[in-house]
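K.L.:
Shown below is the structure under consideration.
Values quoted throughout were computed directly from the atomic coordinates according to the rules given, and no laboratory measurement underlies them. If you're wondering where the values come from, they're calculated on a predicted model, not measured in any experiment. Cβ: placed from backbone, ideal geometry, glycine included. Neighbour counts: every protein chain shown.
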Amino acid sequence: MRKAKYYPSRSSRLTYSNIVLILTLFFLFIPLVVVAIYSFNEDKGTTFTAFSLKWYKELFTSSPDLWIAFGNSVLIALTSSFTATLLGTLAAIGIKWYQFKGKTYISTISYMPMILPEVIIGISMLIFFSAVNIPLGKFTIYIAHTTFNLPFVLMLVSSRLDDFDYSIVEAARDLGASEVKTLTKVVVPSIVPAVMSSLLITITMSLEDFVITFFVSGPGSSTLPLYIYSSIRYGVSPLINALSFIMIIGIMLMTIIFKKFLKTVAASA
Amino acid sequence: MESLVATPKKGVSVTVKDITREYEDGFKALDEVSMKIEKGEFFSLLGPSGCGKTTLLRIIAGFDSPDKGEVLFDDKNILSLPPEKRSSNTVFQTYALFPHLSVYDNIAFPLKLKKIPKNQIDKMVRKYVSLVQLDEHIHKKPNMLSGGQKQRVAIARALINEPSVLLLDEPLSALDAKLRQNLLVELDEIHDKVGITFIYVTHDQAEALSVSDRIAVMNHGRVLQIGTPYEIYEAPATDFVARFIGETNIFDCTVLSSEYDEDSQEYIIKVSVPSLAADIWVTDYEDQEVGSHLQFTIRPEKIQIVLSEERVSLGHHRNLFHGIVKEPVYSGFQSKFYVELDNKTIVKVFKQHTTYLDEGPEIEWKDSVAIAWRAVDGYLVKEKD
């Protein structure tokens, strides 16, 4: 009789790989856990004195500047991610299926914002905006975020289109659909998962961006990362801990919902 | 639709005039191709891959445009129209179903674009769903269907617009052999029912022979021969056609003599075939100039193979050779024999497994045999390709 092949057992014993795993998870998540714990600390300092919700109360009742920054962040994240997803999706379709002059050139430079260091993008944007006399503010942040989000959308949608049978487009045209109807009734529904991923990733990237935003923001257009940065210069306020914990929970929920959504899309496609 | 009487011919005639298509890299996919496809005809474009058959179909559909030439539906030049304005619909090799829509919505797609009332759409969809026998699968998504079912959906979807021409681009090549046969027969029945013009692209000569009214054999961007399956098989115009359609023996030859025979109204021609080291008889409807170099071809199933010469039953103007069975290949309904003649030339012979021919005992490996064929069964092929 042949012996069964030997596989390393997945026991809970302290093997080498288990130790590495535990340490990795520990270093990855312990800061988050610390933030969560200290958000419920009554004292302002680093010693845990008593459980309290006072920072949450202060966060929601007496921090108007923070909420303005939060509102700016959300507004810019939603508008720039929507614009980038729209432009990026159309660009991906154009680069993939249409023939035009300078096609390779355009598809190459479209990925530039992804490769260039953020500092350089930030400075060049700043120089550009002052050169053409656009006052720095929410609008310039919106432009900057749309720009650096675009290549990510392009990449995600392009790779989805690589698996897409072009005959489907021809079939739609053949059956009587115009170019626009083919796009809205056939192509877009087929690439919905990639478009949704793009939207989610670009929202996240816009929400968390600091470096580029720092260069192109103006008075009164602080986003959340900028606000947090400016407030910790005078010591970390437990207020930020409370905010962080809320954001961690929010992002976890969003990820779970998105995964569920992708599963239902995958099952029906 | 259930009537046994053939539906009157519908659709349009398709005229292709001097179509030339050259790609950017200089490859000539089509070189002055012309043909006329009759109204209601089942017409096949047959050829090896890269012969230009798919390019021609795509030009007719509107997915590609030629550098030169015209395509007419009846008398109307349609080359300036986009695909959605042409009265043709296409069935694709890869099915090209819309993955996010159910069978029902896939088939209803063209009608929904036209903003036809819902109850009318429903009636039409159900009619075409039952035409392709998919009634049970109507609410499934394409990824839950087998290849054959997917292609049926594609056929129904292409027909529901009631096109004048149905273009089929190797629709069966992704299916397995048995299914291919069934669907081919079904396709033929659908053609009889709807009565419109079908243009069918295939590289499979058996498919083309079994369903087509007429076939255009293509190679290197040119049409070599247009004819009924019978004409294509029995009287190939070039040696390429002879080789591509079915199996054949083909040899260079020189015409020695040619005389007209009143009884058969054919020319009886004597040619010398160096590789057979003999002069043989062959008939032709056309006179051939003495001394001209042609090719002689004989289908393997038209050659009689027997163990002794006395059993050869063929009379006047027969061609008789002796050889040894080098390689017998049993393939069920027939056996193939590779017979080596005295001068080492190999001749392919197919023999049906029947007892009524009474041709004596089984022929086996290394048997010495006599092979013979009648002059009328061989033919001369004019041009080399």
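K.L.:
Roughly how far apart, in whole Å, are the Cα centres of region A:84-120 and region B:177-239?
P.N.:
So the two Cα centres are separated by 46 Å.
K.L.:
I've got another one for you. Semi-axes of the equivalent ellipsoid of region B:1-76: what are they in whole Å, largest first, if each equals the square root of 5 times a C-alpha gyration tensor eigenvalue? The partial results should precede the final answer.
P.N.:
Details: eigenvalues 162, 39, 18 Å².
Over the Cα atoms of region B:1-76, the ellipsoid semi-axes are 28, 14, 9 Å.
K.L.:
Find, among the GluC sites (Glu not before Pro) in region B:1-95, those assigned to loop by DSSP (not H, G, I, E, B) with at most 10 other beta-carbon atoms within 10 angstrom. Mind showing how you got there, number by number?
P.N.:
On the way: sites: B:E2, B:E22, B:E24, B:E32, B:E38, B:E41, B:E70, B:E84; in loops: B:E2, B:E24, B:E38, B:E41.
Qualifying residues, ordered by number: B:E2, B:E24.
K.L.:
What lysines sit close enough to A:K44 to cross-link, taking a C-alpha to C-alpha distance under 30 Å and skipping anything fewer than 8 places away on the same chain?
P.N.:
Hits, sequence-local ones excluded: A:K54, A:K57.
K.L.:
How far apart, in nm, are two points set 7 Å out from the Cα along the Cα-to-Cβ line at B:E38 and at B:A277?
P.N.:
5.0 nm
K.L.:
Please report, for the Cα atoms of region B:124-188, the Rg to one decimal and the Dmax as a whole number; what are they, in angstrom?
P.N.:
Calculated on Cα positions, Rg and Dmax stand at 11.6, 31 Å.
K.L.:
Determine ³J(HN,Hα), in whole Hz, for all residues of region A:108-120 in sequence, where each value follows from phi through the Karplus function 6.51 cos²θ - 1.76 cosθ + 1.60 and θ = phi - 60°; x replaces Gly and Pro.
P.N.:
6, 6, 5, 8, 3, x, 7, 8, 5, x, 4, 4, 5
K.L.:
Right, here's the next one. Count neighbours as other Cβ atoms within 10 Å of each site's Cβ, and list the trypsin sites (Lys or Arg not before Pro) in region B:160-239 that are DSSP loop with at most 12 such neighbours. Intermediate values should be presented prior to the final figure.
P.N.:
On the way: sites: B:K178, B:R180, B:K193, B:R214, B:R222; in loops: none.
Filter output for region B:160-239: empty list.
K.L.:
Compute the Cα gyration tensor for region B:170-232, then decide on rounded, prolate or oblate, letting a ≥ b ≥ c be the square roots of its eigenvalues: rounded whenever a/c is under 1.5, prolate when a/b is larger than b/c in the other cases, and oblate in all that remain. Let's see the in-between values first.
P.N.:
On the way: a/c = 1.96, a/b = 1.34, b/c = 1.47.
The shape class here is oblate.
K.L.:
Which pairs, out of B:K39/B:K123; A:K96/B:K28; A:K260/B:K141, put more than 22 Å between their alpha-carbon atoms?
P.N.:
Details: B:K39/B:K123 27 Å; A:K96/B:K28 25 Å; A:K260/B:K141 20 Å.
Pairs exceeding the cut-off: B:K39/B:K123; A:K96/B:K28.
K.L.:
Quick one: the Cα spread of the protein assembly as shown along its three principal axes, in angstroms, biggest first?
P.N.:
119, 75, 52
K.L.:
Which part of region A:76-120 falls in the paramagnetic zone of A:V211, meaning amide N under 18 Å from the point 7 Å along Cα-to-beta-carbon?
P.N.:
So the set is A:111-120.
K.L.:
Another question, then. At 1.002 mPa s and 20 °C, plugging the Kirkwood radius over alpha-carbon pairs of region B:247-381 into Stokes-Einstein gives what diffusion coefficient in µm²/s?
P.N.:
Working: Rh = 15.4 Å.
The diffusion coefficient I find is 139 µm²/s.
K.L.:
Where the only charges are on Cβ atoms (+1 Lys, Arg; -1 Asp, Glu), what is the dipole of the protein assembly as shown about its Cα centre, to the nearest 20 debye?
P.N.:
Details: 65 positive and 72 negative charges, 926 e Å.
Around 4440 debye, computed over the protein assembly as shown.
K.L.:
Turning to a different aspect of this structure: Taking 0.36 nm per residue of sequence separation and subtracting the Cα-Cα distance, how much length would be gained by fully extending the chain between A:K54 and A:W67, in nm to one decimal?
P.N.:
Length difference between fully extended and current span is 3.0 nm.
K.L.:
Using the alpha carbons of chain B, what is the convex hull volume per residue in cubic angstrom, as a whole number? The partial results should precede the final answer.
P.N.:
Details: hull volume 74.8 nm³, N = 385.
Enclosed volume per residue, from the Cα hull, is 194 Å³.
K.L.:
Exceeding 22 Å between C-alpha atoms, which entries from my cross-link table qualify? They are B:K10/B:K76; A:K181/A:K259; A:K263/B:K118; B:K9/B:K68.
P.N.:
Values: B:K10/B:K76 16 Å; A:K181/A:K259 29 Å; A:K263/B:K118 31 Å; B:K9/B:K68 30 Å.
Long pairs (Cα-Cα over 22 Å): A:K181/A:K259; A:K263/B:K118; B:K9/B:K68.
K.L.:
Hey, can you rank A:112-123, A:158-169 by average C-beta count inside 10 Å, highest first? Don't skip to the answer; put the middle values down first.
P.N.:
Details: A:112-123: 14.2, A:158-169: 16.0.
Packing proxy ranking, top to bottom: A:158-169, A:112-123.
K.L.:
Return the loop-located GluC sites (Glu not before Pro) in region B:265-309 (DSSP other than H, G, I, E, B) with at most 15 other Cβ atoms within 10 Å of their own Cβ; answer none if there are none.
P.N.:
Numbers: sites: B:E266, B:E286, B:E289, B:E301, B:E309; in loops: B:E286, B:E289.
Counting only loop positions with at most 15 other Cβ atoms within 10 Å, the GluC sites (Glu not before Pro) in region B:265-309 are B:E286, B:E289.
K.L.:
Starting from the 7 Å offset along Cα-to-Cβ, what nm value, one decimal, do you get for the label separation of A:L25 and B:N143?
P.N.:
Result for the modelled spin labels: 3.1 nm.
K.L.:
Right, here's the next one. Grab the DSSP H runs of chain B that are 4 residues or longer, score each as -39,500 (n - 2.57), total them, divide by all residues and round the 222 nm result to the nearest 500 deg cm²/dmol.
P.N.:
Working: 8 runs with 84 residues, N = 385.
-6500 deg cm²/dmol, from helical runs alone.
K.L.:
If you count, for every residue in B:59-71, the Cβ atoms of partner chains within 10 Å of its Cβ, what is the mean? The partial results should precede the final answer.
P.N.:
Working: counts 0, 0, 3, 3, 6, 0, 0, 0, 0, 0, 0, 0, 0.
Partner Cβ neighbours, averaged per residue: 1.
K.L.:
Percent of Cα-Cα pairs more than 23 Å apart in region B:14-243, please.
P.N.:
Numbers: 12700 of 26335 pairs.
That tail contains 48 percent of the Cα-Cα pairs.
K.L.:
Where does region A:57-268 land on Rg/Rh, using Cα atoms and the Kirkwood Rh?
P.N.:
Values: Rg = 19.9 Å, Rh = 19.2 Å.
Rounded to two decimals, Rg over Rh is 1.04.
K.L.:
Given R₀ = 51 Å, what would the calculated FRET efficiency be for A:S178 paired with B:Q181, taking r from the Cβ atoms and rounding to 0.05? Intermediate values should be presented prior to the final figure.
P.N.:
Working: r = 39 Å, r/R0 = 0.76.
About 0.85, to the nearest 0.05.
K.L.:
Straight-line reach only, C-alpha to C-alpha below 16 angstrom: list the lysines that B:K336 could link to, leaving out same-chain residues fewer than 8 apart.
P.N.:
B:K302, B:K326, B:K348, B:K351, B:K366
K.L.:
Turning to a different aspect of this structure: Give me the inter-chain shielding for A:256-263: mean count of other chain Cβ atoms within 10 Å, whole number please.
P.N.:
On the way: counts 0, 0, 0, 0, 0, 0, 0, 0.
That average works out to 0.
K.L.:
Let me ask you something else. Shielding of B:89-101 by partners, i.e. mean partner chain Cβ atoms within 10 Å per residue? It would help to have the intermediate numbers written out before the result.
P.N.:
Numbers: counts 4, 6, 2, 6, 1, 5, 4, 10, 4, 9, 8, 10, 5.
Across B:89-101, the average partner-chain Cβ count within 10 Å equals 6.
K.L.:
If you plug each phi of region B:176-192 into the Karplus form 6.51 cos²θ - 1.76 cosθ + 1.60 with θ = phi - 60°, what whole-Hz ³J(HN,Hα) values come out, in order, with x for Gly and Pro?
P.N.:
So the Karplus estimates, Gly and Pro as x, are 7, 3, 5, 4, 4, 4, 4, 5, 5, 4, 5, 4, 4, 5, 4, 4, 4 Hz.
K.L.:
May I ask you to compute the full-extension gain from B:S49 to B:I324, defined as 0.36 nm times their residue separation minus their alpha-carbon distance, rounded to one decimal in nm?
P.N.:
Working: separation 275, 0.36 × 275 = 99.00 nm, distance 3.67 nm.
Fully extending the segment from B:S49 to B:I324 adds 95.3 nm.
K.L.:
Below 19 Å, Cα to Cα, which aspartates and glutamates can B:K85 reach? Residues fewer than 8 away in the same chain don't count.
P.N.:
Partners found: A:E170, A:D174, A:E179, B:D64, B:E70, B:D74, B:D75, B:E162.
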